[in-house]
Amino acid sequence: MRLLHTQTLDFQEFYDNSRPPYVILSHRWDSIEVSFQDFKSANNKDGAEYEKILGCCSFADKRGFAWVWIDTCCIDKTSSAELSEAINSMYRWYERAVECYVYLSDVDSSDKFRKSEWFKRGWTLQELLAPDRVIFLDHSWNVIGDRQGMARDISTVTGIPELYLRRPDRLRDASVAMKMSWASRRKTSRVEDRAYCLLGLFGVNMPLLYGEGRKAFLRLQLEILKISDDESIFAWKGGYRHREDLGLLAIWPEEFASSGTIGRHSFSKDRPPYSMTHKGLKLHVPSNVVEGTNQIVMPLNCARGEEELPLAVVLCKHESGSWARLRCEELITAPVERIWSRRDCSYPNKATIYVRQLELY
């Protein structure tokens, strides 16, 4: 991790065991920022972007901190290996910072706080949630408030419940669908970053492949499936009326926009694991459910709020033998008689089906 000294403005590399206390900056990127090379060679010293770095260092120094991390100048983005390491480590770096300073360049008074463009960017979601202490500053580096004290306003703007703003240690309790909903209305400059900016929030790592487009979001979901049994990852809906060739995984984060109240439940215990294969997402379902039919209701181990019945998706069988999601424009509630019991899913009473994942590229 490369840190910038707040007084000398010199860089120094640190590793986990030798890293000093540091603070970290969160901000909305402008069209031209001061890169690592620019800062080293003293280029771009006349613009607001350079002044932003100096302002951060000055503010941190006044608060007694000698080291700061700023994403624009502390990463050598000409090195793909360093960039990949930084993005995969970024959530942890924000989490371990003593303080995070959110610089709102478009805010000159507290009454404009909710309207800041900072709340609309993809990368700033993890920067809001990961640190233990978050301090908001206006364009003149005046303190507006902190995350705990402004939790109600932030919740109104972002849709994130106040609990997780006041207690970030409770983020592990939030479902996949709920976290996805927080990202659903945020934007990034590059398509792939819609997925990459969420790696830390879901506790996964994966290689960065700029140029892969929206396939990155599919890869993100597959990585989540490897470490989590949270079936709310399937609880999305999109504007695909009359489509019968889509899979169980979402194409865009926007499809979770209405999933903010969905939580995990254990309606069906000991559900057999699922995995992605070349034939599609491999699922085990009760044999009696699929016998003699081309359409099934698949209950999920999740529900909205305090509802006592699970959400469900509808799957239909194609002539090829594979299955696909039907009626993607809605999430239904599974009737009581459709909830699969442990006995239904136990061996040898289970059948294997493959839900293909199409129209992603």
Inset, instruction - Would you mind telling me the antiparallel percentage of the DSSP bridges in segment 2-173, rounded to 5? - result: 40
Legend entry - Net charge over other residues, Cβ less than 15 angstrom from the Cβ of PRO207 (K, R count +1; D, E count -1): -3
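Multiply the residue gap between SER228 and THR156 by 0.36 nm, knock off their C-alpha separation, and tell me the result in nm, one decimal place.
My answer for the length gained is 23.0 nm.
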Legend entry - Chain lengthening between ASP10 and ARG63 when straightened (0.36 nm per residue, less Cα-Cα): 17.2 nm
Inset, instruction - Would you mind computing the Rg to Rh ratio of segment 30-94 from its alpha-carbon coordinates, Kirkwood style for Rh? - result: 0.99
Legend entry - Net charge of Cβ neighbours under 11 Å - reference ARG185; Lys, Arg +1; Asp, Glu -1: +3
Inset, instruction - Could you sort 148-159, 196-207 so that the peptide with the highest average Cβ count within 10 Å comes first and the rest follow in order? - result: 196-207, 148-159
Inset, instruction - Could you sort out which of LYS179/LYS282; LYS179/LYS350; LYS215/LYS279; LYS77/LYS187; LYS115/LYS179; LYS120/LYS237 sit more than 29 Å apart by Cα distance in this structure? - result: LYS179/LYS350
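So for the chain: antiparallel DSSP bridges make up what percent, rounded to the nearest 5?
Details: 32 of 45 bridges.
Among the beta bridges of the chain, antiparallel pairing accounts for roughly 70 percent.
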Inset, instruction - Would you mind getting me the FRET efficiency between GLN295 and LYS77? Use the beta-carbon distance for r and R0 = 51 Å, nearest 0.05. - result: 0.55
Inset, instruction - Counting helices only, and only those DSSP H runs with n ≥ 4, report the 222 nm mean residue ellipticity of the chain as the sum of -39,500 (n - 2.57) divided by its residues, in deg cm²/dmol to the nearest 500. - result: -7000 deg cm²/dmol
Inset, instruction - Please report, in whole Å, how far the alpha carbons of segment 2-173 spread along each principal axis, starting with the longest. - result: 43, 35, 31
Inset, instruction - Treat every Asp and Glu Cβ in segment 234-355 as -1 and every Lys and Arg Cβ as +1, leave all other atoms uncharged, and give the resulting dipole magnitude about the Cα centre to the nearest 20 debye. - result: 340
Inset, instruction - With a bin width of 10 angstrom, please list the P(r) values of segment 1-48 as percents of all Cα-Cα pairs, from the 0 bin to the one holding the largest distance. - result: 20, 49, 28, 4
Legend entry - At R0 = 25 Å, FRET efficiency that the Cβ-Cβ distance of LEU171 and ARG19 yields, to 0.05: 0.65
Legend entry - Shape call, segment 234-355: gyration tensor on alpha carbons, a/c limit 1.5: oblate
Inset, instruction - Filter the trypsin sites (Lys or Arg not before Pro) in segment 249-338 to those in DSSP coil with at most 11 other Cβ atoms within 10 Å of their Cβ, and list the result. - result: LYS269
Legend entry - Three semi-axes of the equivalent ellipsoid, segment 137-296, Cα gyration tensor, whole Å, largest first: 33, 19, 15
Inset, instruction - Note down the magnitude of the dipole of segment 2-173 about its Cα centre, charges +1 on Lys and Arg C-beta and -1 on Asp and Glu C-beta and zero elsewhere, to the nearest 20 debye. - result: 520
Inset, instruction - Calculate the dipole size of the chain relative to its Cα centre from +1 charges on Lys and Arg beta carbons and -1 charges on Asp and Glu beta carbons; express the result in debye to the nearest 20. - result: 880
Inset, instruction - State, to one decimal in nm, how far the label point of HIS278 lies from the label point of ASP106, with both points 7 Å from Cα in the Cβ direction. - result: 4.8
Inset, instruction - Please grab the % of Cα pairs in segment 283-326 that end up more than 15 Å from each other. - result: 48
Legend entry - 9 Å beta-carbon shell around TYR354, net charge (K/R +1, D/E -1): +3
Legend entry - Ranked packing of 214-224, 291-301, most packed first, by mean Cβ within 10 Å: 214-224, 291-301
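Bear in mind that the values in this text are calculations on the coordinates, not laboratory data. Keep in mind it's a predicted model, so treat the numbers as computed, not measured. So basically every Cβ, Gly included, is an ideal-geometry build from the backbone, and we count neighbours across all protein chains shown.
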